[in-house]
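Let me begin by presenting the structure, written as structure tokens, before commenting on it.
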Amino acid sequence: MIAIIDYDAGNIKSVEKAFQKLGKEALITRDPQVILSADHVVLPGVGNFGDAAANLRKYGMDEVIREVVKKEIPFLGICVGMQLLYEGSEESPGVPGLGLIKGQVRRFSERDGFKVPEIGWNSIFMMNDGELFEGIGNGAYVYFVHSYYCKTEEPECIRAVCEYEKIFDASIQKGKIFATQFHPEKSGEIGLQILKNFVRTR
């Protein structure tokens with residue numbers, strides 16, 4: 001069973017539907033016992049970093065996520081769910097993230113015709129043999145909606161990069177922690193393959 005963490009963030013239902021399309025049982029929940037007994041755990045999210053971090057703490061999901069990581073249950077953060085894994089964000093100065101990945105979340109600069117947020121399809125380039133990208137070729141197009149990007153201080157964790165105004169972390173993996181800045185649930189067949197690869201992790 002796949003537990004999708006409910007912390008009042010947007011885009012949760014589309015993640016649930018994507019897993020159901022793959023024939024997988026997915027449950028939206030904030031019940032710690034359900035989450036900690038799941039085979040895989042997903043933290044989706046769109047919106048403001050500070051609000052999302054506050055909601056995680058409000059529902060005690062920050063500690064549940066730490067326990068998930070400690071138990072080595074495969075965990076996937078999507079979009080803001082990826083950003084929350086880092087230490088903090090320029091979007092909400094002084095608000096700590098989970099700190100599971102060393103680094104910060106930065107804002108894109110509006111220059112040379114680059115609009116913020118980045119909305120739409122962009123190509124990603126793989127590195128370090130990411131498990132999420134098995135069977136997916138370099139330059140695959142995936143769907144992004146974001147004004148902020150992750151800049152890790154652990155380059156060995158980077159599994160895919162993308163370029164928009166600058167090169168940024170599109171996906172990371174650290175142990176059983178996986179994350180994508182893009183939305184696999186909105187990325188067509190490529191996205192479904194990424195989610196299928198995640199479900200295969202153990």
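The values are calculated or read from the model by the stated rules, or taken from the named source; none is laboratory data. It should be emphasised that the depicted structure is a prediction, and the values quoted were computed from it without experimental measurement. Virtual Cβ from ideal backbone geometry, glycine too; neighbours counted across all protein chains shown. What goes into the accessible areas is simple: the full protein's heavy atoms, side chains included, and nothing from ligands, DNA or RNA. Shrake-Rupley method; radii C 1.70, N 1.55, O 1.52, S 1.80 Å.
Ranking GLY99, ILE35, CYS157 by how far each Cα lies toward the positive end of the dipole of the chain (charges on Cβ) leaves ILE35 at the top.
Loop-located GluC sites (Glu not before Pro) in region 35-78 (DSSP state not H, G, I, E or B) with no more than 14 neighbouring Cβ atoms inside 10 Å: GLU72.
Taking the DSSP bridge list for the chain and keeping only pairs wholly inside it, about 65 percent are antiparallel.
Accessible surface for THR201 stands near 10 Å², nearest 10, in the context of the full protein assembly shown (1.4 Å probe).
Given the whole protein assembly as supplied and a 1.4 Å probe, what does the accessible area of HIS146 come to in Å², nearest 10? Approximately 10 Å² of HIS146 is accessible to the 1.4 Å probe.
Debye-formula intensities of region 97-202, expressed as log10 I(q)/I(0) at q = 0.10 Å⁻¹, are -0.26 (one equal scatterer per alpha-carbon, no solvent).
May I ask for the percentage of alpha-carbon pairs in region 1-122 that lie more than 22 Å from each other? If you can, show how the numbers build up before the last one.
Values: 2646 of 7381 pairs.
Beyond 22 Å sits 36 percent of the P(r) for region 1-122.
Using a 1.4 angstrom probe, figure out how much accessible area region 1-152 has per residue, in square angstrom, rounded to the nearest whole. Could you put the intermediate results ahead of the total?
Numbers: 6960 Å² over 152 residues.
Ligands and nucleic acids excluded, the figure is 46 Å² per residue.
Solvent-accessible area assigned to carbon and sulfur over the chain amounts to 48 percent, based on a 1.4 Å probe.
Both numbers refer to the Cα atoms of region 81-139; Rg and Dmax are 14.7, 40 Å.
Within 10 Å of each candidate Cβ there may be at most 11 other Cβ atoms; applying that plus a DSSP loop requirement, which trypsin sites (Lys or Arg not before Pro) in region 81-132 survive?
Details: sites: LYS102, ARG106, ARG107, ARG111, LYS115; in loops: LYS102, ARG111, LYS115.
Qualifying residues, ordered by number: ARG111.
This model, with +1 at the C-beta of Lys and Arg and -1 at the C-beta of Asp and Glu, gives region 58-202 a dipole about its Cα centre of some 300 debye.
I want to check a number: in region 86-202, how many lysine pairs have alpha carbons closer than 16 Å, given a sequence separation of 8 or more or different chains?
Qualifying lysine pairs in region 86-202: 8.
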